[in-house]
1. Under a cut-off of 29 Å between alpha-carbon atoms, report the lysines in cross-link reach of LYS235, not counting same-chain residues fewer than 8 places apart.
2. For the chain, set up a Gaussian network in which alpha carbons nearer than 10 Å are linked by springs, and say which option among ALA56, ALA219, ALA89 fluctuates the most.
3. Please work out whether segment 172-241 counts as rounded, prolate or oblate from its C-alpha gyration tensor, where a ≥ b ≥ c are the square roots of the eigenvalues and a/c under 1.5 means rounded, while otherwise a/b larger than b/c means prolate and anything else oblate?
4. Just want to confirm a number: the relative contact order over segment 137-242, from Cα pairs under 8 angstrom separated by 6+ residues, in percent.
5. Please work out the Kirkwood hydrodynamic radius for segment 111-186, using every pair of different C-alpha atoms, and report it in angstroms with one decimal place.
6. Output wanted: per-residue J couplings in Hz (rounded whole) for segment 64-73, from phi through Karplus 6.51 cos²θ - 1.76 cosθ + 1.60, θ = phi - 60°, x for Gly and Pro.
7. Can you give the percent of C-alpha pairs in the chain whose distance is more than 30 Å?
8. Using the number of other C-beta atoms within 10 angstrom as an exposure proxy, rank ILE152, ILE13 with the fewest first.
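What follows is calculated from the coordinates using simple rules that are stated; it is not laboratory data. Source: prediction; values computed, not measured. Backbone-built Cβ (ideal geometry, glycine too); neighbour counts: all protein chains shown.
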Amino acid sequence: MTLQEIIDQSESIVFFGGAGVSTESGIPDFRSVDGLYHQKYEWPPETILSRSFFDANPEEFYRFYREKMLPLEAEPNAAHRKLAELEKAGKLKAIVTQNIDGLHQKAGSQRVLELHGSVWRNRCMHCGRSYGPEFIRDCKEPVPRCECGGIIKPDVVLYEEGLDEDVLSESVHFIRTADTMIVAGTSLTVYPAAGLLRYFRGRQLVLINRDATPMDGKADLVLHEKVGQVLSGIKVENKTAE
Ligand code: ZN
């Protein structure tokens, strides 16, 4: 079956996306070879983006974070837009994403489960007050602080931190009840992606990723292509139109 046929025959799709969904919007995958690893910081990104580093060295964390993690002007690409369309048509029930860029919401998607949080939300660690990402970006201080003096932390899951239990269990619910699961833009080697996949018991598992993944052999359809390119070719039938 082609992806178009699978989507036509599905009634409840769950989409699971990784960094590859956003690379076509110009957001680098910091695990990929031409990503951030080979750039100009003293520490690798996974050290800078860890909780102990944030606590010990917030200035250096924010120097990196402001430069690399706040692409607030990035626009949704064809993949984000098609998924929003599929949700509107009643086909897609949820997007589970490892990305923190908020591009699915920007494209109009409603149910987006952000496993790793979002750069669009930030909170004072002392009083809990919320701040938008522009405040973090435009703040003159090296470390953004709340009115109360507390340090503001992005609502992003850092290395060494656990995932939000509610987001995780809601993700499991949608994966468990989906008839089709589309996994895209992830190498499926990083926690929790591979673990979540085993809750799927629907009919069709589709993998879209530039490179091969360890799950290719288990999928019903494997496409080694760019996510936006693949999804832009999908036609969405409007259920209400007769
Ligand atoms: Zn505060």
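1. LYS82, LYS88, LYS91, LYS93, LYS106, LYS218, LYS226
2. Comparing ALA56, ALA219, ALA89 in the GNM, the peak value goes to ALA56.
3. Working: a/c = 2.13, a/b = 1.21, b/c = 1.76.
It comes out oblate by the Cα gyration axes.
4. Across segment 137-242, relative contact order equals 19 percent.
5. 14.5 Å
6. In residue order, the calculated couplings are 5, 4, 5, 7, 10, 10, 10, x, 5, 8 Hz.
7. Details: 8066 of 29161 pairs.
Value for the chain: 28 percent of Cα pairs lie more than 30 Å apart.
8. By the 10 Å Cβ count, ascending: ILE152, ILE13.
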